[in-house]
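*Asks:* Following this message is one structure expressed as structure tokens.
The values are calculated or read from the model by the stated rules, or taken from the named source; none is laboratory data. It should be emphasised that the depicted structure is a prediction, and the values quoted were computed from it without experimental measurement. Note that each Cβ is placed from the backbone with ideal geometry, even for glycine, and that neighbours are counted across all protein chains shown.
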Amino acid sequence: MIKIEFSLAIALYIALTVSLVLIFWMILERKKVKKFFSSEDRFFWQCNICTYVYVDSRHSVISQCPRCRSYNKKEEAQHA
Ligand SMILES: [Zn+2]
């Protein structure tokens, strides 16, 4: 009887610890993803000519579209 209760206690302890770690990890990962998107958002460009979306981290004002080779100017207020 004591052995069963002991193993049950161990199982409960492990389950609780694992779920706690999982929840903590999920919160951390969600924060990381949010941070990643907010910091990388300015690297995303949408071509005004062919509407092609691409990433250019080297330029901040004017970028060249890799598809149609036209130049795109960064606008602060972009139209969705
Ligand atoms: Zn283009």
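*Asks:* Is there a residue being part of a strand (DSSP E or B) and modelled with pLDDT under 95 anywhere in region 21-39?
*Replies:* So far as region 21-39 goes, no, none of its residues is part of a strand (DSSP E or B) and modelled with pLDDT under 95.
*Asks:* Consider region 46-62. How many of its residues are surrounded by 12 or more Cβ atoms within 10 Å (Cβ to Cβ), part of a loop (DSSP other than H, G, I, E, B) and more than 8 Å from the ligand (Cβ to nearest atom)?
*Replies:* Counting residues in region 46-62 that are surrounded by 12 or more Cβ atoms within 10 Å (Cβ to Cβ), part of a loop (DSSP other than H, G, I, E, B) and more than 8 Å from the ligand (Cβ to nearest atom) gives 2.
*Asks:* Determine, yes or no, whether F43 is under 28 Å from the mean Cα position of the chain (by Cα) and at pLDDT 90 or above.
*Replies:* For F43, the condition - under 28 Å from the mean Cα position of the chain (by Cα) and at pLDDT 90 or above - is not met.
*Asks:* Within 16 Å of the ligand (Cβ to nearest atom) and modelled with pLDDT under 85: is that true of Q78 in this structure?
*Replies:* Here the answer is yes, as Q78 does meet what is asked.
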